[in-house]
Amino acid sequence: MKKTFQKLIYKAMIVGTVLTVSSCSKFVELGAPPTQILFEDAFKTDASANSAILGIYSLSSAANNGFLTHALFYPGISGDDLQYNGTDANVQEFAKNALLNTNGFVNTTWSTTYNLIKNANNAISGLNASTTLTPATKSQLLGEAKFLRAFFYFELVNNFGDVPLPLKDDYSAFENAVLPRTPAAQVYAQIVKDLTEAQAALPAAYVGTFRGRANKHAASALLARVFLYQKDYLNAEAQASSVIGSGTYSLPGPDVSFINNSNEIIWQIGNATGVSVLGSSYVTLATVIPNYTLSEATYQSFESATDLRRTNWVTPKTISGKTYYGISKFKVGSGTGNEYNVALRFAEQYLIRAEARAQQNNLSGAKTDLDAVRTRAGLAGVSATLTQAQMLTAIEQERKVELFGEWGHRWFDLKRTDRANAVLGALRPTTWKTTSVLYPVPQAQIIINTNLTQNPGYNQ
């Protein structure tokens, strides 16, 4: 049986001068109608191989069931930084940390992410088998495919814990479909392997403009985060240092951090209109309540009313006598604009290195990194007399007010530092359980694959 790509939806388009994709392909198993090209043919030329990889980047497309919506907002409201103002019962389950194993959005999160992993696996297989690509193109595209696969597995393992780890292409579709869950430690090992190989394969220079495709520094930045989550502080520091020391990035003012030509951006996911998924959800008319706003507790946690992040990234609005704290990191909510979906940015690397250094008791180095982020926000540096515990508390607070509303950072931080029970248990005492730190494995997936097991607390 020959594998095929859907030809028409792997077409690239120009957004300004950045190359992105109109929608993402699904890999199929049967037939080869006129609108498709054979799997083997997709990696015969540099142009067609580039198109195949570009398709995987199209993470906000309808073909990917809005992957970005699931990755950005639901983890955000699972933590304590985002407030959900809508009425959808499925979304309210995330906001209450009271998910059912039949929640449709949990199932879509799982299935959509695995579809993207399948696409990456197919691309890696096709690239490895190709003998006709120019060496530089083959290396770059393999690096991008491995970077993307690592990114997807990072999302899965942090939401679900142990997850199946398919690494083969569609020729092993039946084998992949019955895989049991792999221990999270092994999933992380594969993520590290993919990112290390991506580092070696990717150039330091960006392909195209607006940093819409991963380069060597993007792989290092994600690897720094992965090592931090694994409590491998020596390597987390080393990877963040490589990004910080590259001389490629800087910390511009908070008012311009998220525009698509910002020098803070390490990697962003392009779109056709210049309106980000975050902007379209956070930015509304003055009289319209956004579905997602900053929680009042997080807003009040800023240590100073003059913090430039509070004044530039939060826009309070009062509707029917109630105040909502609109998130205005992204300024454009509709029409056309100059913002893409920022996935990795430079400030996080300072915060990663600060935490890694503090954990190694290098408190002066941690202070230097933490102060770099605070200075950009218009704040004074932290005290030079902080203890290790105090420094780690200060870093947690800085991550909270720096990274709110982006990729569920706060949710993941509370879990990886074993703080979720203390913080979220107090916030949602009637619905929070210690088992709420993981999402349920969708019951629909367990019915399909009987080798899957359920996370504790979800066998209702």
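Here are a few things to note about the model shown:
- Span from the the stretch 223-268 Cα centroid across to the the stretch 383-430 one, whole angstrom: 19 Å
- When the pairs 317/367; 96/168; 96/400; 400/433; 168/193; 96/322 are compared against a 25 Å limit on Cα-Cα distance, 317/367; 96/168 fall above it.
- Which labelled figure in (i) 49; (ii) 61; (iii) 54 is percent of Cα pairs over 27 Å apart, once derived from the coordinates: (iii)
- Packing-based order for 169-178, 330-339, using average beta carbon neighbours within 10 Å, highest first: 330-339, 169-178
- Report note on the peptides 235-247, 209-221: ranked by the mean count of other C-beta atoms within 10 Å, highest first, their order is 209-221, 235-247.
- Other-chain or far-sequence residues with amide H under 5 Å of residue 269's (modelled H): 341, 342, 343
- Once you reduce the stretch 138-216 and the stretch 304-319 to the center of their Cα atoms, the two points are 37 Å from each other.
- Cα centre as origin, Lys/Arg/Asp/Glu Cβ charges: the chain dipole, Debye: 200 debye
- Anisotropy class of the stretch 316-460 from Cα gyration tensor, a/c 1.5 cut: oblate
- When the convex hull of its Cα atoms is viewed from all sides, the stretch 227-338 shows a mean projected area of 9.2 nm².
- Between the amide H of residue 83 and those of 293, 294, 295, distances stay under 5 Å, these residues lying 5 or more places away or on another chain, with hydrogens modeled in the peptide plane.
- Highest mean first, the peptides 158-165, 372-379, 119-126 sorted by other C-beta atoms within 10 Å per residue fall in the order 119-126, 158-165, 372-379.
- When the square roots of the Cα gyration tensor eigenvalues are ordered a ≥ b ≥ c, the ratio a/c for the stretch 267-324 is 1.5 or more and a/b does not exceed b/c, which makes its shape oblate.
- Taking amide H positions as modeled 1.01 Å from N, with prolines and chain starts lacking one, the residues under 5 Å from residue 319 and 5 or more places away or on another chain are 324.
Read-outs: derived from the displayed coordinates by stated rules, not from any lab. Everything numeric in this text was worked out from a predicted model, so none of it was measured. With ideal geometry, Cβ positions are generated from the backbone for all residues, glycine too; neighbour counts draw on all protein chains shown.
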